[in-house]
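Visitor: Submitted below is the structure of interest, expressed as structure tokens.
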């Protein structure tokens with residue numbers, strides 16, 4: 001089983017739609033969780049950290065479910081500019097290294 | 001501007017010809033790391049460094065070397081590149097341990113013929 005697993009997609013949604021991504025992680029001792037965004041052939045950039053109580057940043061909401069070991073990202077009112085690959089990132093192992101999921105590709109269609 | 005700078009951004013080389021990809025950050029970050037990204041495999045860590053003169057293997061260190069003689073620089077060395085090292089490489093840094101938010105360089109696309 002991979003340490004961090006994501007549905008690769010692609011997700012093709014119309015503008016204005018709500019879309020949700022899930023990510024599961026295998027190490028129950030993981031402490032830090034993030035969502036990064038990566039545009040085609042560009043570097044990953046932090047979208048948001050994920051806190052235990054859940055957190056929201058504008059149209060983006062992130063949630064953590066420790067019991068089931070997954071994190072989620074909800075995007076409301078999708079924009080064309082949201083088209084990108086979304087990477088789930090979890091710290092794993094004793095050295096607290098970050099492990100990246102393979103990414104979920106989102107395309108928002110006009 | 002706070003940033004991580006990688007060079008070269010694009011390189012085509014031949015099997016066995018040693019090359020170095022440089023990485024420099026201007027944020028006084030202690031932690032630096034190298035990743036490679038391949039289709040379907042995501043980002044995989046090659047080597048990381050918690051501080052000057054401290055380096056450790058990541059998940060895919062074979063065929064690579066690194067050094068951390070200064071805080072700001074963390075070069076990636078391919079002593080004898082092979083075609084399976086054709087990939088997109090990213091350098092990243094963070095304030096302290098790898099569990100903190102990472103700032104990435106723009107990436108270096110390497111092709112080994």
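What follows is calculated from the coordinates using simple rules that are stated; it is not laboratory data. The model shown is predicted, which means the values in this text are computed figures rather than measured ones. Quick reminder, even Gly has a Cβ in these numbers, built from the backbone with ideal geometry, and neighbours come from all protein chains shown.
Visitor: Take every Cα-Cα distance within chain B, group them into 10 Å bins from 0 onward, and report for each bin the whole-number percent of pairs it holds.
Guide: Bin by bin from 0 Å, the calculated values are 16, 52, 28, 4.
Visitor: In addition: Using only alpha carbon pairs under 8 Å that are at least six residues apart, calculate the relative contact order of chain B and give it in whole percent.
Guide: The normalised contact order for chain B reaches 36 percent.
Visitor: Calculate the translational D of chain A in whole µm² s⁻¹ from Stokes-Einstein, where the hydrodynamic radius comes from the Kirkwood formula applied to all Cα pairs, the temperature is 25 °C and the viscosity 0.890 mPa s.
Guide: My calculation gives 175 µm²/s for D.
Visitor: Let a ≥ b ≥ c be the square roots of the eigenvalues of the Cα gyration tensor of the stretch A:16-64; is it rounded (a/c under 1.5), or, if not, prolate (a/b larger than b/c) or oblate?
Guide: Note, shape of the stretch A:16-64 comes out oblate.
Visitor: Starting from one equal scatterer on each C-alpha and no solvent at all, send me the Debye-based log10 I(q)/I(0) for the stretch B:40-98 at q = 0.25 Å⁻¹, two decimals.
Guide: -1.19
Visitor: Each label point is 7 Å from the Cα along the Cα-to-Cβ direction; what then is the distance between the points at residue A:80 and residue B:2, in nm?
Guide: That separation, rounded to one decimal, is 3.2 nm.
Visitor: Rounded to whole Å and ordered largest first, report the semi-axes of the equivalent ellipsoid of the protein assembly as shown derived from its Cα gyration tensor (root of 5λ).
Guide: 30, 20, 16
Visitor: Please order B:97, B:33, A:52 by the number of other Cβ within 10 Å, starting at the fewest.
Guide: So the residues, fewest neighbours to most, are A:52, B:97, B:33.
Visitor: Suppose a student asked you for the relative contact order of the stretch A:1-109, using Cα pairs under 8 Å spaced at least 6 residues apart; what percent would you report?
Guide: 37 percent
Visitor: What ranking do A:43, B:1 get, fewest neighbouring Cβ atoms within 10 angstrom at the top?
Guide: Listing A:43, B:1 from fewest to most nearby Cβ atoms yields B:1, A:43.
Visitor: Counting other C-beta atoms within 10 Å, which of A:33, A:11 has the fewest, and how do the rest follow?
Guide: In order of increasing Cβ crowding within 10 Å: A:11, A:33.
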